[in-house]
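All remarks here apply to the structure that follows.
None of the figures in this text is laboratory data; all of them are computed from the coordinates on show. These numbers were taken from a predicted model, which means no experiment stands behind them. As a convention, Cβ positions derive from the backbone with ideal geometry for all residues, glycine included, and neighbour counts pool all protein chains shown.
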Amino acid sequence: MHVNRDAIEAFGRLSELVYTGATFEEIYAAICATAREVIPGCDHACVMTVERGERPRCEAATDDVARLVDELEWETGEGPCLDAVESERYEVDADISTDAVWPKLAERVLEQTPVRGMVGYRIVVEERKAGALNIFSDTAGAFDEDAAGIGALVAAFASVTLTAAAEHGSAVKMRDALASNREIGKAVGMLMVTHGIGSDEAFEMLRGISNRFNVRLAELAEQMVARHERGA
């Protein structure tokens, strides 16, 4: 399997999205665009996720053809996406017009789209979600072993990117929460010293002021600390 410079650069752009604050929607779209760019024979791509107890969701697609095939998979109850979510390997049918792996899906796809080959790859999204990258070709037989292998590499890189994005988002939220907690702690300490009361009583006083003026606790604490530091 040969991975060219364009593919390496595409993977680099994908990884940069995590650290530039891109949304998950932007990352999903970039995964689809990367698949079409670097996988030989790929004309359409989409990413879907499914959360336990909820309907599947198409997170991004390169075009309407990819979205339609994704919908047909769920309507027929079979296809590379469904199988890939459940398995650790990729699922492929390079020519759906001959001895189709998913016959009900193939019939609908052949009638309604130009797609002639498809592959589904399982991707890791978040702890509560499973996901899949689907790629489609308008040329029968285009998805040979080399193309399918590069697709597996894209899917693996997509999983790493999505995991990093989730962890980065959690870290940002944790950092903000810790900052808020520090400000609340400072405000409680100020009230303890000013009123000669214990920490529990001071916290209840702070929370009472927050409720009375309909101001978030963290925001109120930040304002109190800022005023104190200004000497107001």
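Other residues within the sphere of radius under 12 Å centred on the Cβ of A22, judged by their own Cβ, net out at -2 (K and R +1, D and E -1). Its alpha carbons considered, region 5-167 gives a radius of gyration followed by a Dmax of 14.6, 46 Å.
Sort 148-161, 204-217, 80-93, 131-144 by the packing proxy (mean of other Cβ within 10 Å over each peptide's residues), most packed first. Working shown, then result.
Values: 148-161: 20.9, 204-217: 12.9, 80-93: 18.9, 131-144: 22.5.
My ranking of the peptides, most packed first, is 131-144, 148-161, 80-93, 204-217.
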